[in-house]
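Chemist: My questions all concern the structure below.
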Amino acid sequence: MREERKKAFKALIKGLHEGVDPEEAKKSFGEIVRSVTPAEIAAIEEELVNEGMPREEIHRLCDIHLALFREALEKEETLAPEGHPVRILMEEHKMLLGIAGNLKNVAEVLIGAEDSESVNRQMAQVSKIEEHLRESEKHYLREENVLFPFLEKHGITQPPAIMWMEHDRIRELEKNLYSLMGNRETIGLPNFARQLQEPALALAEMFSSHFYKENNILFPTALKVIGEDEWKEIRRQFDEVGYCCFTPKSATISIPEAAPQALRPELAGVISFETGTLSKEEAEAVLNALPVDITFVDKDDTVRYFNRSEDRTFVRTKAVIGRKVQQCHPQKSIHIVNKILEAFRNGSRDAAEFWIDSKGRMIHIRYLAVRNQNGDYLGCLEVTQDITNIKKIEGERRLLDWT
């Protein structure tokens with residue numbers, strides 16, 4: 001964006017936030033309004049937040065921005081081939097808009113439904129809609145955990161953050177809807193039908209606004225800045241997260257995989273994992289910070305490692321390293337230990353769990369088979385956790401409580 005154009009565009013956005021009438025702004029900045037691109041909107045929003053404008057303020061007036069630039073945005077068609085992550089997300093947008101439309105229709109029909117057959121048919125639709133909405137969580141998880149991080153690597157941070165705020169608003173609306181659906185037997189059909197209309201309409205409006213922003217700003221910007229090989233990696237990670245029960249099969253046809261990246265030379269003291277890197281110091285500190293006790297026994301039944309969590313439940317000393325695990329248990333328990341390890345070794349089982357009362361504390365003990373990507377047995381992980389306080393948890397705590 002040339003400097004003069006950028007200054008003018010920024011002045012336009014600031015003017016809107018200071019209360020300038022959008023129609024007046026359109027007259028004053030006619031050329032910019034008619035020719036703005038999605039990437040320019042994303043870039044200016046980025047700069048304004050970096051300069052101190054609250055992200056919430058950008059979000060609050062987002063719909064006004066879109067109304068002003070709608071004509072220019074709709075000139076650009078977001079094109080992505082079958083199987084492309086953007087194509088998948090946009091196809092799901094269509095499906096979700098249809099689901100929200102069905103919910104509105106069901107709410108209207110239920111208001112006037114009198115015969116039981118019609119009521120049963122509409123309530124079956126309600127159950128199906130609820131299932132689809134719950135499944136839609138995978139749509140948002142793919143965006144938040146795969147697409148957004150790739151955008152952030154290219155310096156696009158504010159549009160994803162604003163979209164995530166809207167995801168949470170959608171989740172809130174859906175949560176209220178699920179609560180109403182769960183109480184439909186208690187409150188009776190007339191009340192349920194009447195109360196269903198408001199959340200159905202709110203969700204449909206939210207979907208329409210949110211998906212428009214993603215389709216016309218976020219996705220075109222992503223297509224502009226993210227490279228072809230990156231898109232292949234994004235698709236691979238989309239597949240890992242999974243798809244919704246309503247995701248069109250045609251949208252998820254396979255695409256060529258990303259070319260394997262050249263391995264970087266190992267840095268001294270750095271351990272490379274598939275999902276990241278840690279120094280030896282960091283790895284040890286992370287394992288010791290886990291709120292569980294872990295002990296690893298290798299494929300030959302030899303104790304190889306244990307962490308030093310702050311409040312270890314069972315005593316572990318370095319003297320056990322290199323010892324056969326059978327020697328670490330009383331004679332009366334060895335047959336159980338051997339049974340578990342043999343089942344792990346032959347692949348018939350992957351876990352065994354126990355819980356005991358120890359000095360008034362409830363202790364949960366799990367033995368987990370450790371296998372590599374080929375399914376080969378590498379050993380057994382013992383995980384011990386004091387769950388006494390966890391069992392007492394009720395309700396929710398969403399705010400920080402450090403009083």
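None of the figures in this text is laboratory data; all of them are computed from the coordinates on show. These numbers come from a predicted model, not from an experiment. Note that we place each Cβ from the backbone using ideal geometry, even for glycine, and neighbour counts take in every protein chain shown.
Chemist: From the phi of every residue in region 206-212, what ³J(HN,Hα) in whole Hz does the Karplus formula 6.51 cos²θ - 1.76 cosθ + 1.60 yield, where θ is phi - 60° and glycine or proline is x?
Modeler: For region 206-212, the Karplus-derived couplings read 5, 4, 4, 5, 5, 5, 4 Hz, x marking Gly and Pro.
Chemist: When the Karplus curve 6.51 cos²θ - 1.76 cosθ + 1.60 is applied with θ = phi - 60°, which whole-Hz ³J(HN,Hα) does each residue of region 271-284 get, with x for Gly and Pro?
Modeler: Once rounded to whole Hz, the list reads 9, 9, 10, 4, 9, x, 10, 9, 6, 4, 4, 5, 4, 5.
Chemist: Which of the chymotrypsin sites (Phe, Trp or Tyr not before Pro) found in region 333-403 are loop residues per DSSP with 16 or fewer other Cβ atoms within 10 Å of their Cβ?
Modeler: Filter output for region 333-403: Trp402.
Chemist: Now a separate question. From the helices alone, meaning DSSP H stretches of at least four residues, give me the mean residue ellipticity at 222 nm for the chain, per-run term -39500 (n - 2.57), in deg cm²/dmol to the nearest 500.
Modeler: The helix contribution divided over the chain gives -17000 deg cm²/dmol.
Chemist: A 20 angstrom limit on the alpha carbon distance is what I want to check against. Which of Lys94/Lys249; Lys299/Lys324; Lys94/Lys232; Lys104/Lys175; Lys175/Lys213 exceed it?
Modeler: Violating the 20 Å Cα-Cα cut-off are Lys94/Lys232; Lys175/Lys213.
Chemist: Can you give the Rg to Rh ratio of the chain, both from alpha-carbon atoms, with Rh computed by the Kirkwood formula?
Modeler: So for the chain, dividing Rg by the Kirkwood Rh gives 1.06.
Chemist: Could you work out the relative contact order of region 270-392? I mean the mean sequence separation of Cα pairs under 8 Å and 6+ apart, divided by the number of residues, in percent.
Modeler: 23 percent.
Chemist: Can you list the residues, at least 5 places off or on another chain, whose amide H is less than 5 Å from the amide H of Met362, using H built in the peptide plane?
Modeler: For Met362, whose amide H was placed from the backbone, the distant partners under 5 Å are Ile387, Thr388.
Chemist: What are the ³J(HN,Hα) values, in whole Hz, obtained from phi via the Karplus relation 6.51 cos²θ - 1.76 cosθ + 1.60 with θ = phi - 60°, for each residue of region 139-147 in sequence order, with x given for Gly and Pro?
Modeler: 4, 6, 5, 5, 5, 5, 9, 10, 5
Chemist: Still on this structure, I have one more. Return the long-range amide H neighbours of Val370 (sequence gap of 5 or more, or a different chain), with a cut-off of under 5 Å between placed amide H atoms.
Modeler: The list, which skips near neighbours in sequence, is Leu378, Gly379, Cys380, Leu381.
Chemist: For Ile271, enumerate residues with amide H under 5 Å from its amide H, sequence gap 5+ or separate chain, H modeled in the peptide plane.
Modeler: Leu278, Ser279, Lys280
Chemist: OK, next. Compute the separation of the alpha-carbon centres of region 375-401 and region 102-181 and state it in Å as a whole number.
Modeler: Here the answer is 29 Å between Cα centres.
Chemist: With a 10 Å cut-off between alpha carbons and a GNM built on the chain, which of Glu143, Glu51, Glu130 moves the most?
Modeler: Glu51
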